[in-house]
Every structure is written in C-alpha cells, then in structure tokens.
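Any read-out appearing in this document is the output of simple, stated calculations on the displayed coordinates, not a laboratory observation. Computed from a predicted structure; not experimentally measured. In this analysis, Cβ positions are derived from the backbone assuming ideal geometry, glycine residues included, and neighbour counts consider all displayed protein chains.
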Amino acid sequence: MQQLLSIAQIIISLLLIFLILLQVKGTGFGAALGGVDTEYRSQKIASQSLFRITIIVIIIFISLSALSVKIT
C-alpha cells in the first residue's frame, strides 16, 4: 500500500509541476504552447479552468501526503 501511495504522489507531483508551469505570469495558455493569444475571453476562461484544476490537484496531493504519513 505504501509503495502504491508513493507512486501516486510522484505522478500527482509531476502533474502539479506541469500545471504550475503553464500558469507563468505574463503568458497565456496559447503562448505556453507556442501560439499567439488573440481572444481575451477564451484566454480568461482557459486560465480560470487551469487555476481550478491546479487547486484540485493540490488538494489531492495534500490528501495523499497526509494518508501516506498516517499509514507509516
């Protein structure tokens, strides 16, 4: 069980790093992928969605960490 939690933590932490890197200030989601942002509205919606997904992944990561400590 401990090994499974460790693997899950590694996967979630890599996902979290990727999500945070996509939110670099001054660039939008399209610029991170090499494109140019032309629509402010779509950029704002993508940015809000990315922010919410990041919060959910952070909660999952903290929960897995707490569970891992509790098991050991």
Residue-ordered couplings for the range 8-20, obtained by feeding phi - 60° into the Karplus form 6.51 cos²θ - 1.76 cosθ + 1.60 and rounding to whole Hz (Gly and Pro as x), are 4, 5, 5, 5, 5, 5, 5, 4, 5, 4, 4, 5, 5
Residue separation between S68 and L21 times 0.36 nm, minus their alpha-carbon distance, gives in nm 14.3 nm
In nm, the gap between the two label points placed 7 Å beyond Cα toward Cβ at I59 and Q43 is 2.9
